[in-house]
Structure formats: C-alpha cells, structure tokens
Amino acid sequence: MKPPVPAGEPRPQPPSGAGGSLAIETAGLTKRFRGGQVAVDRIDLAVPNGAVYGFLGPNGSGKTTTIRMLLGLIFATSGSVQVLGHLVPSRAARALPGVGALVEGPAFHPYLSGRANLARLDAADLSAYRGDSRRRISEALERVGLSAAAGKRYRNYSLGMRQRLGIAAALLQPRQLLMLDEPTNGLDPQGTREVRHLVAELARDGTTVFVSSHLLSEVEQMCSHVGVMRTGALVWQSSMADLAAQQKVRVTVETQDSVVAKGVLADLGLTEIAEDGASASAVLGARAPEQVVAALVAAGVGVRGFAVAKPALEEIFVQLTGEGFDVSG
Amino acid sequence: MSAAETRRMPAGAAGPLPRLGGRLLLSEIGMVMRRRRNQLILVTFAAIPIIIGTAVKLAAPSGSDAGALIGNITHNGIFVSFTALVVVIPIFLPMAVAVVVGETVAGEANLGTLRYLLVVPVGRTRLLVTKFLAVGFWCLATALTVAIAGLAIGFALFPRGKVTLLSGTETSMVGGLGRLSVVVGYAALMMLAIAAMGLFISTLTEVPIAAMAATLAVAITMQVLVAIPQLHAVHPWLISRYLLDFGDVLRDPLSFAGLTHGCLAALAYVGVFFSLAWARFTTKDVSS
C-alpha cells in the first residue's frame, strides 16, 4: 500500500494553533549513526502551538531518535530543529526551560526517594527559584498522585509509580511544551486514564503536547494532530480532521437485489464497488449515506441492512506503516 | 499551571559568564557524601591512622629506629597523620577517587539520569564543571579524614607540643598543623590530577565500573612505571612521580620547590584531561 502522501513531497500543513506559530519545527532533520544506518531521514515536523500531537510509528521507526534530537541529546547529521522558536542544540539553554520531557521511560537514582530525586532535578534548574522548591515538588507529586509514596526509595517503586514520577519531573515547572515518549507505558488502566486526563487538562490550559505512542486508540482519543513515522521517514502529518477526511468510508447494502444495488451505487458515482450476491458495497466519497439509501429505495432495491463503516485509526496506521510485524530498521 | 504562579530566575545564559548554580553543586556534593559506599570508604580511611597509631604504641619500646616518619610518632602525635598520609597517597586515595570519579558521567549515563539532567536543562559544560568540583571536594574530604583521624589518635596516644621536624629543628604545634594542612592540600591536588583522567575516562563509557577500573589501572600503571629506574626519561611526565614530593615541608627551612613542581604537574594534568573530557562530553550523543 502506497502511503497517501509520499515522503519528500509537500504534505498537508497542519492548521496553525492559537499562537499562529509552531512549537516544534524541523527541516530536513536527518540522523545517520556511525554504522551508516539512517535512523531518521529528512523529516519536516510541524507541531502547531496548542496542539496535542500524536507521534506514531512502529518500534524502531525513529521516534525516540527524533525526540532525542528535539531535546538536544543527540546531534543531527543534517537539518535543523527549532523548539519554541529557538534553534536546538545551539540555543537549547533558552528552549528547554519551557519544555518538560519524558524520554524512553523514567530514570532516577534508585537509592533516593521520589521527592529527593525531584529535588535534585529542581536544584539543577538555574531558572528555578530556590524558595519555591518545596512547594513546586509537592505540587508535582500531588498532580501525579504520588504524594503518599514521595518518601519511598525509587527502587521500591512499581513501574507505574516510576512512570508517574517521570511525569512529575516534566511538570516541575509550568511548561509551554511537553514531550512525552510513551507516557502510559506500564500504567494500569486507571493510570492510563489519569494520564489522558492530565494531557487534556494541560492542553486546555494552552500547553502544547507532543506525545509518542503505539496505543492508537489513545492517540485517537487525545490528539488533535498526528504524525506517522515509518523506517525513519515521516509518511504522514496532518490534523486528525484531515486524517479522518482521508479515511475511506465504506457503505454496505445487504440485499437480495445486489446487482441492481451495484448499479445504483455506480450511478451515484461511488468507487471501489464490490458485490457478492447478498450485498453490495462501495466507498462513499463525497455522498451522504442518506442519499445512497434514498437512491436505493427509489430504484426499488429491497434494503435489508445498511452499514456505514469508518476504518479505525489502526487500519490507516497499518496502511501507512506496512502490514508486517517485524520491527523496521 | 499559569506562569504567574511561579517566580522564575533570569535565564542562565543571559549573563556575560555562564552561571554555575550553587544548588546543583551542593546537590552533587550531597550525592557523593550521602552515598553509603562512600561513607564506608571514609570510615576505612579513618581506621588507617588508628591502626598505625595503635601499632606504634604497642611496639614503641622496642622499635625505636624505624622509618624517619614513623619513628617520630612517639615524639609527637602529629606524625601519625603524616605517616598515614604517606601510606594512603599511592594506592588508597587514588582508589577512592577512581570509585567516585568513575561514576560522574558514566554512572548518570548508566542510570539514564544523564538525559533528564541535560533536558532540565543543565548545560553540558556546567554539568562537567560541577561534577569535577564535587570530585575535588571528595579528594579533599578523603585526605582530610586521614589527617584528622591521625591527629585524634596521635594526640590521644602520644605527646603533643613542639614538633621536631625531619631536619632536627623544632617548630610550634601551630607550625606543625600548618605544615600538615599543606600536605593535605597537596595530596588533594594530586588526587584531582588523577580525577581529571578519571573524568575523561568516565565520558567514554556508560559503564561506571569500567570507568572506575580503568582509572585505577592507569594510576597503578603509572606507579609501576615510576618504580622502573630504566624508564627515568618518562618519569617527569607521570603524575605518580610527584605524589609524595612533600618531604621538604617537614624540614627547615621550609622549601616549596619540590611542591611547586608537583603542583604544576598536577595542574597540567587537570588542564589536559579536563579539556579532553569537555571535548568528548560536549560533542557526544547521549543515547542512554
């Protein structure tokens, strides 16, 4: 299946957010590792201010490498990165105070408590006002529901608690942009819900959220924009609405008169018509479903059942990234 | 989550000189000093002068003409500190330094905490300088522990008062303590030179144990090379050659000649290896 928008050609630009500018913008961003393997291949990300941007892709498609470049942790082979209007890595010191990040899972000192770990990160932040440190840390812990376990050593935390502490670290300061790499990894359903609510709440307050995930239903529920990676290339980037518009909605008529129905569907200008004796189906295109039903009835087709099927994001995702189960790269 | 709730300090990069941030340095020193293993190292170091002092006390009547330093212990307790420092400087102090410096960058990389420090953001240069200063504090702390424990046991078991130096002349107790401080400072600077090598090694790997072992191996190899007279041509280039060059401090008149030479060598080591560490760390992909 050919990607709807081939890499390298102009893609639909996401509509600008409230600020009118982009929170993250990359141009031709490329990372070639020393072995010669291209992990990220000329991608042009455009994340509008205020968006909740779902960054999708199979394992090994270059999502984390991209996020690391956005944060200045690894250096691009070529191309440029701007985060919150500042070039990264050269001006990372100006960009990063506005960015909270969770990269490839939480990482803390095992023999320090959750609170002590946050205190350490807070102490490292030159922009953090010392007198507020205690309050900031308590609020961040409270926000992720870790207040009760704040004094426990990190090594005794469960996976979900660790993930929460990672999110708390990202929320130590008010942020304009959050980059969350698989934020619900290891969380129970309750925790997953909370993270979704948290993201929604932050987004409502105007925080831009850039979230990588492999949980498609999650992205479908949370995100206003979506980008899809495949073997290092950005094969799709648009708003969710534009993505939905690309989806081929299929109507199916259950009827004895399937051949007649097929003719009606063809007359209406529907495409990709299929017919199997007991039913006929076609891609809806610009027509409204009720028009189709009316036309069928008018043509005397005995309609037993009528269904409008919208493909789930999962199907589109698989169309974009390929069917195979193998990791790419 | 409005920005108005939280006061913000001015951006770090705004000034003419980048700010180091005392809170991070204190936090780093706290991390080193609170670590159970490091506390154990300090306890072990405190035990060394205690063992020396006790042994000399028990053996004192017979062993009157032992080594110059150790023989002086029975005249003045301050020599327990000097003797203990001579004992720990060649191997034990470098070992303690290697253990702590090996963790600096490699340890954080291994835990993954390095990436979170960098996105705070902590500039890479600032992180490296802070880490190195914290290790410097550790170098001083280890040498001081030996000296103070030595004084405590020395004064408990042996006479105090006038200090008879190796040259046979006498100096006051205050003068003696002054000379002890010079030796402690010198030992710390020597260890800082070894720490600089360790810091560089620590930027090369994500395995802290490897960085520790490599640093210690380098320090010991240098000791071995210094022990081979045929290699005297390279000896001036090896930091181990200078480790114990503070003998003049215990003589009258007080001469800093040997000391100065050693200090310059240590500073050169710090300059070269810190630069290498900086060059490596500021250009390296942090993918841990």
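The values are calculated or read from the model by the stated rules, or taken from the named source; none is laboratory data. Note that this is a predicted model, so its numbers are computed, not measured. FYI the Cβ positions are ideal-geometry reconstructions off the backbone, even for glycines, and counts take in every protein chain you see.
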I'd like the full set of residues that are under 17 Å from B:GLU108 (Cα atoms) and β-branched (Val, Ile, Thr), limited to the stretch B:185-209.
B:ILE201, B:THR203, B:THR205, B:VAL207, B:ILE209
Given the conditions (1) of a type outside the set (Val, Ile, Thr); (2) without any contact (Cβ under 8 Å) to a residue 24 or more places away in the chain; (3) surrounded by fewer than 22 Cβ atoms within 10 Å (Cβ to Cβ); (4) within 14 Å of chain B (Cβ to nearest Cβ), which single one is not true for A:ASN156?
(4)
In the stretch A:53-64, which residues are not in a loop (DSSP other than H, G, I, E, B) and not charged (D, E, K, R)?
A:TYR53, A:GLY54, A:PHE55, A:LEU56, A:THR64
Select the helices (runs of 4 or more DSSP H) contained entirely in the stretch B:1-115, then report the ones holding at least 1 residues which are modelled with pLDDT of 85 or more and hydroxyl-bearing (Ser, Thr, Tyr).
B:22-34, B:36-59, B:78-88, B:92-111
Which numbered condition B:MET190 misses (of (1) crowded, with 24+ Cβ neighbours inside 10 Å; (2) farther than 20 Å from B:LEU238 by Cα):
(2)
Only one of A:SER224, A:SER279 is of a type in the set (S, T, N, Q), modelled with pLDDT of 85 or more and farther than 24 Å from A:LEU29 by Cα, namely A:SER279
Tell me which residues, restricted to the stretch A:314-329, are among the hydrophobic types (A, V, I, L, M, F, W, C) and at pLDDT below 75.
A:PHE325, A:VAL327
Are any residues in the stretch A:245-275 charged (D, E, K, R) and not in a helix (DSSP H, G or I), and if so, which ones?
A:LYS248, A:ARG250, A:GLU254, A:ASP257, A:GLU272, A:GLU275
Conditions (1) within 14 Å of chain B (Cβ to nearest Cβ); (2) outside any loop (DSSP other than H, G, I, E, B); (3) surrounded by fewer than 24 Cβ atoms within 10 Å (Cβ to Cβ); (4) not β-branched (Val, Ile, Thr): number failed by A:ASP242:
(1)
Selected residue (only one of A:LEU177, A:LEU171 is at the interface with chain B (Cβ under 9 Å from one of its Cβ atoms) and under 26 Å from A:GLN82 (Cα atoms)):
A:LEU171
Among the numbered criteria (1) in contact with a Gly (Cβ under 7 Å, 6 or more places away or on another chain); (2) farther than 27 Å from A:ASN49 by Cβ; (3) facing chain B (nearest Cβ under 8 Å), which single criterion is violated by A:ALA119?
(1)
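Quick grid of which residues meet (1) facing chain B (nearest Cβ under 8 Å); (2) more than 30 Å from B:GLY22 (Cα to Cα); (3) in contact (Cβ under 8 Å) with a residue 40 or more places away in the chain:
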| position | (1), (2), (3) |
| --- | --- |
| A:ILE43 | no, yes, yes |
| A:ALA46 | no, yes, yes |
| A:TYR53 | no, yes, yes |
| A:ARG68 | yes, no, no |
| A:ALA93 | yes, no, no |
| A:VAL103 | yes, no, yes |
| A:PHE108 | yes, no, yes |
| A:ARG115 | no, no, no |
| A:ARG143 | no, no, yes |
Inside the stretch B:72-123, can you point out the residues that are within 19 Å of the chain's Cα centre (by Cα), farther than 21 Å from B:THR215 by Cβ and within 14 Å of chain A (Cβ to nearest Cβ)?
none
Which residue, of B:ALA196, B:ALA217, is within 23 Å of the chain's Cα centre (by Cα), without any contact (Cβ under 8 Å) to a residue 12 or more places away in the chain and either farther than 25 Å from B:PRO49 by Cβ or surrounded by fewer than 17 Cβ atoms within 10 Å (Cβ to Cβ) (or both)?
B:ALA217
Given (1) crowded, with 24+ Cβ neighbours inside 10 Å; (2) over 13 Å from the mean Cα position of the chain (by Cα), A:THR231 misses just (1)
Name the one entry in A:ASP125, A:ASP132 that is under 22 Å from A:LEU96 (Cα atoms), of a type in the set (Asp, Glu) and in contact (Cβ under 8 Å) with a residue 24 or more places away in the chain.
A:ASP125
So which of A:ALA148, A:ALA124, A:ALA200 ends up being in the same structural domain as A:GLY54 (by TED's automatic domain parsing) and surrounded by 15 or more Cβ atoms within 10 Å (Cβ to Cβ)?
A:ALA124
Going by the conditions given, is B:ASP252 assigned to a helix (DSSP H, G or I), more than 30 Å from A:THR77 (Cβ to Cβ) and among the acidic types (Asp, Glu)?
no
Just the residues that are of a type in the set (A, V, I, L, M, F, W, C) and out of contact with any helix residue (DSSP H, G or I) (no Cβ under 9 Å at 6 or more places or on another chain), please, taken from the stretch A:186-242.
A:LEU202, A:ALA233, A:ALA241
What pairs can you find where one residue is in the stretch B:112-138 and closer than 13 Å to A:ALA123 by Cβ, the other is acidic (Asp, Glu), and their Cβ atoms are less than 7 Å apart, with a gap of 6+ or different chains?
B:LEU117/B:GLU108; B:VAL120/A:ASP125; B:THR130/B:GLU28; B:ALA134/B:GLU28
